[in-house]
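Here's the structure, in structure tokens; my notes come after.
The values are calculated or read from the model by the stated rules, or taken from the named source; none is laboratory data. All figures in this text were calculated on a predicted structure; none of them were measured in a lab. Cβ placement follows ideal geometry from the backbone for every residue including glycine, while neighbour counts extend to all protein chains displayed.
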């Protein structure tokens, strides 16, 4: 082995070591520790007690309060996904045929808000949807309503605001997928006398499904941990799973908070697998 | 049909931009509470913001945190990106998965797990803890954008450096680095912006007296009502991001950032 090869091996090891160290020590090990805590009983003096138990998980599954909240979390996720899909697909469908330059600027306009902190974006909705918020004022001036609508502290407010916060991800990933579809495919369908609806169902939709799938995965995963928007727009009584994790940690019930985190991760995994199974993006790519 | 789609597109833009516009406009409001249309413009809420010690401290801390954590994330993430860019096979895919996982991982779970980890180690200063969390969260942006830049470099150039017997460091400094620095910079700036607005992990890691700007805004919104100083704080958040993005556009061009 020459000296140069030795140096190269050494260099590639030196390249890998720091990022791997950070990922293992500050991401994987703490996650393992979190699981370890979740299978222990709680303790008043320590982080967790000595005996190994499944009681935290059993408590979550057997308590109807927790189950309602898991259900509500899934309901919110489904609502957000459905709304994002409808508005995201429609917008992407309008943007995709534009010139690359126009599309770029319009997508940029959508991506800039992603850089702004979610607390600021939720605060914007707080100002808009409040009793004396802009929406109520405009509706009253227009004579559409007599008394201000109560919109805050509802499930609808939370689902709607989260939808708007995640929507740019959906538009961008679907638009990128639509823009790469060769127009020959659509023209071929039309020359075979497919009507626009048939063309969409048999050509455009399947070819765009990888973008739809990646958008849905992102939207769902992001909405699972959007604690702040839920608190601000849902009020103290609108709890989702992520609020329970935070509440349990705030009251020092670490093992319960840890177990709930893994319930959250399990939900994330199952829903992501479902999305991939239903949309089967790899099948489309395979046909190429 | 097409009209309906265009109408929905308009609504999409309204839904996404309106909350931010309303915050910026109300920050310049001269009145005690936001009224529409605003009767004039004033900077009084910005004065209140910088006159409030907790807000001023949170703003400075957020900037310091974003600078330190994004520099670390850029250093470590560049290494990770360089390593995985041209490698194929199972080990490389696993490494790529590990490096990019925090992009989609629920940050609230990361925050909680780091908090417990630090407690078990016997405590960690709040600022260090936040730097670590934001470094983990920012690293994947750098890894992704560096790996994409490396793949865009013709491998022949690196081979030429090797055949001229340049060592790995010299080859990197003279050939690869000048070609990929826009990718490094874009990734680093993303890590900066992420840290500046990050909430979910910071919720667990801020302590009494040590708070980031987003957490300070959140606390204020939860416990006091109708204070337009929050709008000023939010407008500052947005303003700083615009400055950073504008700088990025001048240095690198935004087109490549949207594509990545």
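Looking only at helices (runs of 4 or more DSSP H) that fall completely inside the stretch A:205-288, which ones have 2 or more residues that are modelled with pLDDT under 90 and out of contact with any helix residue (DSSP H, G or I) (no Cβ under 8 Å at 6 or more places or on another chain)?
A:281-287
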Q) Any idea how many residues of the stretch B:219-246 are in contact (Cβ under 8 Å) with a residue 40 or more places away in the chain, surrounded by fewer than 19 Cβ atoms within 10 Å (Cβ to Cβ) and either more than 11 Å from chain A (Cβ to nearest Cβ) or closer than 21 Å to residue A:132 by Cβ (or both)? A) 1
**Q.** Test: residue A:34 is touching a residue at least 60 places away in the same chain (Cβ under 8 Å) and in a loop (DSSP other than H, G, I, E, B)
**A.** no
Q.
Being closer than 18 Å to residue A:37 by Cβ, free of Cβ contacts under 8 Å to residues at least 60 places away in the same chain, surrounded by fewer than 22 Cβ atoms within 10 Å (Cβ to Cβ) and more than 10 Å from chain B (Cβ to nearest Cβ) narrows it down to one residue among A:199, A:251; which is it?
A. A:251
Q. Take the residues of the stretch B:101-128 that are more than 10 Å from every other protein chain (Cβ to nearest Cβ) and assigned to a helix (DSSP H, G or I): which is surrounded by the most Cβ atoms within 10 Å (Cβ to Cβ)?
A. B:126
Q.
If I ask for residues that are more than 12 Å from every other protein chain (Cβ to nearest Cβ) and out of contact with any helix residue (DSSP H, G or I) (no Cβ under 7 Å at 6 or more places or on another chain), which ones from the stretch B:145-172 would you list?
A. B:152, B:154, B:155, B:156, B:159, B:160
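Would you confirm, using the coordinates I've provided, whether residue A:207 is within 12 Å of chain B (Cβ to nearest Cβ) and either surrounded by 14 or more Cβ atoms within 10 Å (Cβ to Cβ) or touching a residue at least 24 places away in the same chain (Cβ under 8 Å) (or both)?
no
Considering only residues that are assigned to a loop (DSSP other than H, G, I, E, B) and closer than 21 Å to residue B:18 by Cβ, which ones fall in the stretch A:152-184?
A:152, A:153, A:154
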Q | Per-region count, the stretch B:50-66, residues over 17 Å from the mean Cα position of the chain (by Cα), within 25 Å of residue B:131 (Cα to Cα) and part of a helix (DSSP H, G or I) | A | 6
